[in-house]
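See structure below.
The values are calculated or read from the model by the stated rules, or taken from the named source; none is laboratory data. Model, not experiment: these values are computed from the prediction. Cβ: placed from backbone, ideal geometry, glycine included. Neighbour counts: every protein chain shown. Areas reflect the complete protein model, heavy atoms only, side chains present, ligands, DNA and RNA absent. Shrake-Rupley method; radii C 1.70, N 1.55, O 1.52, S 1.80 Å.
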Amino acid sequence: MRRRLRLELLVLLALFAAVPSQAWEVSGEATAADFEAFHHRFSSDAYFYPRHSASPLGLTGFEIYADATYDSDFDDEPFVATAVDGDFTGGFLSVARVGARKGLPGGIDLGLSYGRTLGGDVKLISGEIQYALIKGSVLSPALSVRVTGSRTTGSGAYDLDQYGAELLLSKGFTVLTPYIGAGIVRSKGTLESSLGTTFEDTENRGVVYGGLTLNLLLPKITIEVEKAEAVQAAVRVGFGF
């Protein structure tokens, strides 16, 4: 068991190490309007979506994972001209994360992740707590409430503080588990302008998402579609039970 867990951790770390080195950064030269537009779009893309079902892991359950998002149109937005220095890797915005979730008694799950933008200077620490209102069974779905928090770490001109609350519904069918969810997210962004001023913007936004997990144990593969400011896709590869 310990040998398998070490192997899984090495695989996930290798996937995360493949993220390219910095090629772009949030610019302190952004105008106030472009910063606000950047913050609205980026914060919705960077939100710590679940990418897992509503079923509790249980006292002995755990998951470790790596995932990444895909927003193909981010590079085409007008705010990029002043809000971003450099070029996006592949021409799209992606946020990659590695993390872990652990089941606790009473239908509670805790999770923690570290993320960074693909080729960018924004890094995120995120946490989640999920409580199963209905644990689900062979015949009935699972329903959970989930609370999240994220904060940038070691970033340059841009800082993000973000908090969310959601309801998450899922139903397992042998190796397939579809799920849907919705919630509200509060995102506070701060930019240290090169002009010596500080721009701030706080936004409350609804989020909706849906996904499907293929549970092969080694690994579990999840595909999720997410909608906030824009629509994006995400893929997660995880290990655990």
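Within region 46-87, can you find the residues that are in contact with a helix residue (DSSP H, G or I) (Cβ under 7 Å, 6 or more places away or on another chain) and not aromatic (Phe, Trp, Tyr)?
56, 59, 64, 66, 69, 71, 75, 77, 82, 83
Out of 125, 108, 129, report the one residue that is surrounded by fewer than 21 Cβ atoms within 10 Å (Cβ to Cβ) and farther than 18 Å from residue 151 by Cα. Quick ask: steps written out before the conclusion?
Numbers: 125 fails: farther than 18 Å from residue 151 by Cα; 129 fails: farther than 18 Å from residue 151 by Cα.
It is 108.
If you scan region 165-180, which residues turn out to be touching a Phe, Trp or Tyr at 6+ places or on another chain (Cβ under 8 Å) and closer than 17 Å to residue 149 by Cα?
Passing the criteria: only 168.
Return the residues of region 63-81 that are open to solvent by 40 Å² or more (accessible area, probe 1.4 Å) and in a helix (DSSP H, G or I); say none if nothing qualifies.
75, 76, 81
Of the residues in region 149-194, how many are in contact (Cβ under 8 Å) with a residue 60 or more places away in the chain and either more than 21 Å from the chain's Cα centre (by Cα) or not in a strand (DSSP E or B) (or both)?
Total satisfying the criteria: 8.
Of everything in region 196-230, what is free of Cβ contacts under 8 Å to residues at least 40 places away in the same chain and under 23 Å from residue 159 (Cα atoms)? Give them in sequence order.
196, 197, 198, 200, 202, 204, 206, 227
If you take the residues in region 170-224 that are open to solvent by less than 60 Å² (accessible area, probe 1.4 Å) and charged (D, E, K, R), which one is farthest from residue 240 (Cα to Cα)?
So, considering only residues that are open to solvent by less than 60 Å² (accessible area, probe 1.4 Å) and charged (D, E, K, R), the one farthest from residue 240 (Cα to Cα) is 201.
Restricting to region 147-169, what's the tally of residues that are of a type in the set (Val, Ile, Thr), at pLDDT 95 or above and surrounded by fewer than 21 Cβ atoms within 10 Å (Cβ to Cβ)?
Qualifying residue count, region 147-169: 1.
Pairs please, first residue from region 49-62 and more than 30 Å from residue 206 (Cβ to Cβ) and assigned to a loop (DSSP other than H, G, I, E, B), second anywhere and modelled with pLDDT of 95 or more and open to solvent by 10 Å² or more (accessible area, probe 1.4 Å), Cβ atoms under 6 Å, 6+ apart in sequence or on different chains.
Between residues of region 49-62 that are more than 30 Å from residue 206 (Cβ to Cβ) and assigned to a loop (DSSP other than H, G, I, E, B) and residues that are modelled with pLDDT of 95 or more and open to solvent by 10 Å² or more (accessible area, probe 1.4 Å), the close pairs are 59/105.
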